[in-house]
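The values are calculated or read from the model by the stated rules, or taken from the named source; none is laboratory data. In this text, all values refer to a predicted model and were calculated from it rather than measured experimentally. Virtual Cβ from ideal backbone geometry, glycine too; neighbours counted across all protein chains shown. Note: areas computed on protein heavy atoms with side chains; ligands, DNA, RNA excluded. Shrake-Rupley method; radii C 1.70, N 1.55, O 1.52, S 1.80 Å.
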Amino acid sequence: MAARKPIVGGNWKCNPASVAETKKLAAAWKEKAFDKSKVDVIVCPIALHLPLIKPDLEALGMEVSTQNVSATGMGAFTGEWNVDPLQTYLSLPPPIFFNNIIMAARKPIVGGNWKCNPATVAETQKLATAWKEKAFDKSKVDVVICPTALHLPLIKPELEALGMEVSTQNVSATGMGAFTGEWNVDHLKDMAIGWTLIGHSERRTKYGETDEVTAAKMAMCQKAGIKVIFCIGELLEEREGGKTDEVNQRQLNAVLPAISNWDDIVIAYEPVWAIGTGKVATPEQAQDTHAAIRAFLKSAVSAEVADKVRIQYGGSVS
């Protein structure tokens, strides 16, 4: 019988904190040559770092692995990535990162959450190319795009060249350490990613994210200066039961103690019943709910915060 080929795996978990540190590790391994015909060496970086360090590791004869993969296909699975991006992944050179711009209060904001789409790097670049024909004045509106974590480092320079900003779809409630499949605020700061989603309905309903977890994530982001699109919204049975305001207030109440800088907060009202269901909230329903959110913030925080915080509608529109 043929001998089994040895395999050595290195799971970096939620480490290291910076891209520079991943490069330093790869550089150190250049002195540790091995015969890849005799042993497989597989390294598992965090998803945000993987596209940037992949060429360096492969040049050393190593292979890369994600720390996790979705059990889903393409679609509405915020914070996930599946086998399609893995099958089509390209060894593109690391992008150049730029600093994000702090935006003025009540400036309009448009967000695009790609969820667990598209399947390929090429498709993300095709989207960016199409947007080149759709110029906008970034002094008048913020446009924030949320690709999958694996695609984000590769498409970030192209989106920023168009005046857009990028956001992760999720962020860890932890610091550095043994948290396989996670990335945290230290990674975002190092990679000049100025935004993240917290509390998206798919993270809450499909992956068990509780109000307590969203509060912990919010505290981490506030401390790090990461801007947050905080998602709230009710299920269909809660809407039909007249509990819309109750649900929104509960979800907001959970994070209020963690927020000290409201300039870094956008609230996305996302009625879960109007996301990919064929049902659409009317403009009146959305505006009434936004007004109720502002009224709640006025009483729970201050009139100033209620007036200046940006609230966007995050459900389907067609």
All but one of (1) touching a Cys at 6+ places or on another chain (Cβ under 9 Å); (2) open to solvent by 60 Å² or more (accessible area, probe 1.4 Å) hold for N253, so report the exception by its number. (1)
With the requirement that a residue be of a type in the set (K, R), over 23 Å from M176 (Cα atoms) and modelled with pLDDT of 95 or more, what does the stretch 207-248 give you? K243
Condition first: modelled with pLDDT under 85 and either open to solvent by less than 50 Å² (accessible area, probe 1.4 Å) or touching a Phe, Trp or Tyr at 6+ places or on another chain (Cβ under 9 Å) (or both). Can you find one or more residues in the stretch 4-24 that meet it? yes
Given (1) modelled with pLDDT of 95 or more; (2) open to solvent by less than 30 Å² (accessible area, probe 1.4 Å), number of the condition A122 does not satisfy: (2)
Going through the stretch 253-273 one residue at a time, which ones are of a type outside the set (G, A, S), closer than 20 Å to A224 by Cα and touching a residue at least 40 places away in the same chain (Cβ under 8 Å)? V255, L256, P257, I259, W262, D263, D264, I265, V266, I267
Might you let me know whether the stretch 65-77 holds any residue that is open to solvent by 40 Å² or more (accessible area, probe 1.4 Å) and outside any loop (DSSP other than H, G, I, E, B)? no
If we keep only residues of the stretch 187-203 that are in contact with a helix residue (DSSP H, G or I) (Cβ under 8 Å, 6 or more places away or on another chain) and in a helix (DSSP H, G or I), then the residue surrounded by the fewest Cβ atoms within 10 Å (Cβ to Cβ) is K189
Any residue in the stretch 199-222 that's in contact (Cβ under 8 Å) with a residue 60 or more places away in the chain and farther than 18 Å from N261 by Cα: show its pairings with residues that are among the β-branched types (V, I, T) and open to solvent by 20 Å² or more (accessible area, probe 1.4 Å) at Cβ separation under 6 Å, as long as the two are six or more apart or on different chains. S201/V272
With the structure loaded, tell me whether F98 is under 16 Å from I145 (Cα atoms), assigned to a loop (DSSP other than H, G, I, E, B) and modelled with pLDDT under 90 or whether it fails that test. yes
Return a yes/no flag: does the stretch 84-93 have any residue that is crowded, with 16+ Cβ neighbours inside 10 Å and either at pLDDT 80 or above or assigned to a helix (DSSP H, G or I) (or both). yes
Just give me the residues in the stretch 261-279 being assigned to a loop (DSSP other than H, G, I, E, B), over 19 Å from the mean Cα position of the chain (by Cα) and under 17 Å from R294 (Cα atoms), in sequence order. N261, P271
Just to be sure before I move on: is I293 part of a strand (DSSP E or B) and under 24 Å from L235 (Cα atoms) in the structure I sent? no
Residue by residue through the stretch 53-64, note down the ones that are touching a strand residue (DSSP E or B) at 6+ places or on another chain (Cβ under 6 Å) and part of a helix (DSSP H, G or I). K54, L57
What number of residues in the stretch 288-318 are more than 26 Å from the chain's Cα centre (by Cα) and not polar (S, T, N, Q)? 11
Would you pick out the residues in the stretch 259-299 that are closer than 19 Å to Q169 by Cα and open to solvent by 10 Å² or more (accessible area, probe 1.4 Å)? D264, E270, V272, I275, G276
